[in-house]
1. Within the stretch 50-80, can you find the residues that are assigned to a loop (DSSP other than H, G, I, E, B) and in contact with a strand residue (DSSP E or B) (Cβ under 6 Å, 6 or more places away or on another chain)?
2. Out of the stretch 163-186, which residues are surrounded by fewer than 16 Cβ atoms within 10 Å (Cβ to Cβ) and within 18 Å of residue 122 (Cα to Cα)?
3. Given the structure, is residue 47 at pLDDT 90 or above, more than 30 Å from residue 240 (Cβ to Cβ) and either surrounded by fewer than 16 Cβ atoms within 10 Å (Cβ to Cβ) or over 22 Å from the mean Cα position of the chain (by Cα) (or both)?
4. Taking the stretch 203-241 as the search range and keeping residues that are without any contact (Cβ under 8 Å) to a residue 24 or more places away in the chain, more than 18 Å from the chain's Cα centre (by Cα) and assigned to a loop (DSSP other than H, G, I, E, B), which one is farthest from residue 96 (Cα to Cα)?
5. Does any residue of the stretch 22-31 turn out to be at pLDDT 90 or above, within 30 Å of residue 170 (Cα to Cα) and in contact with a helix residue (DSSP H, G or I) (Cβ under 7 Å, 6 or more places away or on another chain)?
6. Using beta carbons and a limit of 8 Å, which pairs, at least six apart or on different chains, have the first residue in the stretch 59-85 and under 18 Å from residue 153 (Cβ atoms) and the second one modelled with pLDDT under 95 and crowded, with 20+ Cβ neighbours inside 10 Å?
7. I'm checking my understanding of the structure. Among residues of the stretch 147-159 that are surrounded by 14 or more Cβ atoms within 10 Å (Cβ to Cβ) and within 22 Å of residue 81 (Cβ to Cβ), which one is farthest from the chain's Cα centre (by Cα)?
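The values are calculated or read from the model by the stated rules, or taken from the named source; none is laboratory data. The structure displayed is predicted, hence computed values, not measured ones. Every residue, glycine among them, receives a Cβ derived from its backbone with ideal geometry; neighbour counts consider all protein chains shown.
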């Protein structure tokens, strides 16, 4: 029994020695507007400070539509596409959970965690965008498609579409929801890609799913990841403490 308890503690500790992900790291396709020099922007606060400095030089007002366009342009250079994922060392419980239960459990949803990687998925980039605009008191909401995730921001009672991940060529007035009328099919013309891919991404005559205004993105995933992140680092201690306790109070347990 004592050997099994000790081996269990060792088994739960071993993943912390491996800084590897079970997901294949995305590779930059050299087509996106990725700038590796922006990798030093590794927190929301640094992203806000960097955006503010550029806005001041260009006389762009904080919390304005122009500021949002600026942040969007920075994010499309900060990331290339591909979901980031925790390593075993960072959160092995989430990694194993994703392995058995499905994709997404080990993909960080904390914006500060997302900004530690050079790549991020559509939902992860949208989370960072929404977090920055939340700092600026700008109303935001998610925009969901069958296989894509983007953001809308509200200025002067009008909602504007933003997607730093797929980088559509879209003018300021065309971002307004009243222009594209909440239709995913109306957005496709702003994107590069063949019809089959765009139909898969945005759907074909499929209604857009708008999130609630100012709703925290992925709250359940955030709680799960925060809990498992700390539990991954501590869970091995419990069987070890049990082993030590039984060893101390029960002499027969030492045999």
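1. 79
2. 169, the sole residue that qualifies.
3. no
4. 205
5. no
6. Hits for this filter: 72/164; 73/164; 75/164; 76/164; 76/165.
7. 153
One line per residue, one yes/no per condition, for (1) modelled with pLDDT of 90 or more; (2) under 30 Å from residue 6 (Cβ atoms):
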| site | (1), (2) |
| --- | --- |
| 187 | yes, no |
| 197 | yes, no |
| 202 | yes, no |
| 222 | yes, no |
| 225 | yes, yes |
| 236 | no, yes |
